[in-house]
Amino acid sequence: MTDELALRIAELMPRAKADLAELVAIPSVADPRQYPPEKCREAAEWVAGAFTEAGLRDVHLEETPDGSHAVIGHRPPPPGAPTVLLYCHYDVQPPLDDAAWESPPFRLTERDGRWYGRGAADCKGNIVMHLTALRALGEGVPVGLKLVVEGSEEQGTGGLEAYVPPHAGELHADALLVCDTGNAAVGVPTATTSLRGVVTVVVTVRALRGDMHSGMFGGPAPDALAALIRMLDSLRDVDGGTRVEGLDCAGSWSGVGYDETQFRTDAGVLDGVRLTGSGTVADRLWARPAVTVLGIDCPPVVGSAAAVPATARARVSLRVPPGTGARAAQDALIAHLESAAPWGVLVDVERESAGAPFRAETGGPAYSALDAAMREVYGRPISFLGQGGSIPLCNVFATTFPDAEIVLMGVEEPRCLIHAPNESVDPGEIEHMAHVEALFLRHFANSART
């Protein structure tokens, strides 16, 4: 039976490529300042039509509080069978620098055995994975299904997060497949069990009533930009590791590791440049806070004057591992910046977003079913991975459906370069993960009957 299923999925791969080409061609960036909103609507309607054809019922668009449209659908369970919710998103990141792409970002292009295009992995590749699994099963889908395809995940505006709680009844399921992650590497079957949260602040430093001539006043006149630099520098140890007073910055990761050489390649670290921090790469990525200066407002080099800056401003983010509350981390970051301010400069810190971290419970029947499916497809047991990014919706799901198992998986892996130029997907991962998903649905159905 498994061989027949694998054969059907292999035969469906040309259609999977055609589907992905159609989806990638729609520039569904959910930011009306950059792309027409009609393109997101077009992508949503394409998704609704495809899942209807794949056997789901009443597939339709629902407007969420941020104005984006989620694609919602269902398929009733056979008697005694559990229900599984399938999640993914159709919106994509903007292509950034078109000149950095080796092929047009919104045209699926095959090169060196991979399929390139914006959204090819994140997350349109996961949409195609779902469709391929369902088509392979046909009328033999052994569980009930709920479908949620988000339309503004990349913008982080929280539309679906606000939509889920008041619609808990229609979205309730026994297991939730959140397909917006992927394997540790091609061929390494993986579930993501840990997500860092993220908090951001904007810190403004004021020292003078206005910029002053550096020849006449430089020396005793306090430099706001220099003060800000000192404050930002205080957030790191000598080795570059994050240090925020009041936060545990020495956590360790017990799951699958991340080879340092591979990380240097994946992250594009230049030759001779050392990695920051101490401990394993996995410790630093998934078990510890990580600070990043996202931007600074200060005079540009070209056009700058010989003047002491009166004000300076920076936007700072802090990734937060499970076990640390987002609000507590934001409070600690603000207190650290305020206490690090030199020379009595005036400091104002504005709170922005605060997304909580997430840790999955892995001891239930859904994870057992997933492990069995991955062993059949990949010939090796499931690995557990952390992720430095955050998916706030997971915490909403966990709060709204406390008895449901949440599984994060998908076709993305480090070589995909999601969010960067030349994003790509390994078609073998689409094929194999579609097979995993189809087998998972079978195994999960059987676990409910035993």
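The values are calculated or read from the model by the stated rules, or taken from the named source; none is laboratory data. The shown structure was predicted, so the numbers you read here are calculated from the model rather than taken from an experiment. In this analysis, Cβ positions are derived from the backbone assuming ideal geometry, glycine residues included, and neighbour counts consider all displayed protein chains. Just the protein is used for accessible areas: all its heavy atoms, side chains included, with ligands, DNA and RNA removed. Shrake-Rupley method; radii C 1.70, N 1.55, O 1.52, S 1.80 Å.
The table below lists the values:
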quantity	calculated
Residues being open to solvent by 50 Å² or more (accessible area, probe 1.4 Å) and either in contact with a helix residue (DSSP H, G or I) (Cβ under 9 Å, 6 or more places away or on another chain) or closer than 18 Å to E338 by Cα (or both) - total across segment 238-256	7
Top-ranked residue in segment 320-349 [being at negative phi and at pLDDT below 95; ranked as most open to solvent (accessible area, probe 1.4 Å)]	R327
Residue selected from segment 68-84 under the condition in contact (Cβ under 8 Å) with a residue 60 or more places away in the chain and in a loop (DSSP other than H, G, I, E, B), by the criterion surrounded by the most Cβ atoms within 10 Å (Cβ to Cβ)	S68
Contacts under 6 angstrom Cβ, first residue in segment 256-271 being within 15 Å of G388 (Cβ to Cβ) and among the small types (G, A, S), partner at pLDDT below 95 and surrounded by 10 or more Cβ atoms within 10 Å (Cβ to Cβ), 6 or more apart	G257/A282
Residue list for segment 285-306, filter: part of a strand (DSSP E or B) and among the aliphatic types (A, V, I, L, M)	A290, V291, V293, L294, I296
Residue tally, condition loosely packed, with under 13 Cβ neighbours inside 10 Å and either within 15 Å of P289 (Cα to Cα) or among the acidic types (D, E) (or both), over segment 261-271	1
Residues of segment 353-374 satisfying the condition of being in a strand (DSSP E or B) and open to solvent by 70 Å² or more (accessible area, probe 1.4 Å)	R359
Some residue of segment 279-290 being of a type in the set (V, I, T), surrounded by fewer than 12 Cβ atoms within 10 Å (Cβ to Cβ) and out of contact with any Leu (no Cβ under 8 Å at 6 or more places or on another chain)	no
Unique match (being surrounded by 14 or more Cβ atoms within 10 Å (Cβ to Cβ) and not β-branched (V, I, T)) among P299, P309	P309
Selected residue (only one of G410, G379, G363, G428 is closer than 21 Å to L7 by Cα and free of Cβ contacts under 8 Å to residues at least 40 places away in the same chain)	G379
Criterion (in contact with a strand residue (DSSP E or B) (Cβ under 9 Å, 6 or more places away or on another chain) and either under 20 Å from L195 (Cβ atoms) or surrounded by 19 or more Cβ atoms within 10 Å (Cβ to Cβ) (or both)) met by exactly one of V411, V396, V377	V411
Any hit, segment 431-441, residues being at pLDDT 95 or above and assigned to a loop (DSSP other than H, G, I, E, B)	no
Residues of segment 312-342 classified as among the charged types (D, E, K, R), farther than 11 Å from V202 by Cα and outside any helix (DSSP H, G or I), total	1
Qualifying residue in segment 29-41 (condition: in contact (Cβ under 8 Å) with a residue 24 or more places away in the chain, in a helix (DSSP H, G or I), under 20 Å from V425 (Cα atoms) and open to solvent by 80 Å² or more (accessible area, probe 1.4 Å))	no
Close pairs (6 angstrom Cβ cut-off, 6 or more residues apart or separate chains): within 23 Å of L441 (Cα to Cα) in segment 105-133, of a type in the set (G, A, S) and not in a loop (DSSP other than H, G, I, E, B) anywhere	V128/A16; M129/A434; L131/A50; T132/A16; T132/A434; A133/A434; A133/A438
Single residue of segment 230-272 satisfying the filter (among the aliphatic types (A, V, I, L, M) and outside any loop (DSSP other than H, G, I, E, B)) that is farthest from the chain's Cα centre (by Cα)	M231
Exclusive hit being at positive phi, surrounded by 19 or more Cβ atoms within 10 Å (Cβ to Cβ) and modelled with pLDDT of 95 or more, set G138, G117, G113	G117
Some residue of segment 196-208 being open to solvent by 20 Å² or more (accessible area, probe 1.4 Å) and under 21 Å from V407 (Cβ atoms)	no
Residue within segment 218-229 that is closer than 19 Å to I334 by Cα and in a strand (DSSP E or B) present	no
Matching residues in segment 45-67 - criterion: being assigned to a strand (DSSP E or B), acidic (D, E) and either within 23 Å of the chain's Cα centre (by Cα) or within 17 Å of A162 (Cβ to Cβ) (or both)	E62, E63
Unmet criterion (only one of (1) farther than 28 Å from P321 by Cβ; (2) under 22 Å from the mean Cα position of the chain (by Cα); (3) not charged (D, E, K, R)) for L225	(2)
Filter pass, L96 being open to solvent by 30 Å² or more (accessible area, probe 1.4 Å) and closer than 25 Å to G156 by Cα	yes
Residue in segment 401-424 that is at pLDDT 95 or above, under 16 Å from the mean Cα position of the chain (by Cα) and acidic (D, E) present	yes
G151 modelled with pLDDT of 95 or more, open to solvent by 20 Å² or more (accessible area, probe 1.4 Å) and either within 19 Å of E437 (Cβ to Cβ) or not charged (D, E, K, R) (or both)	no
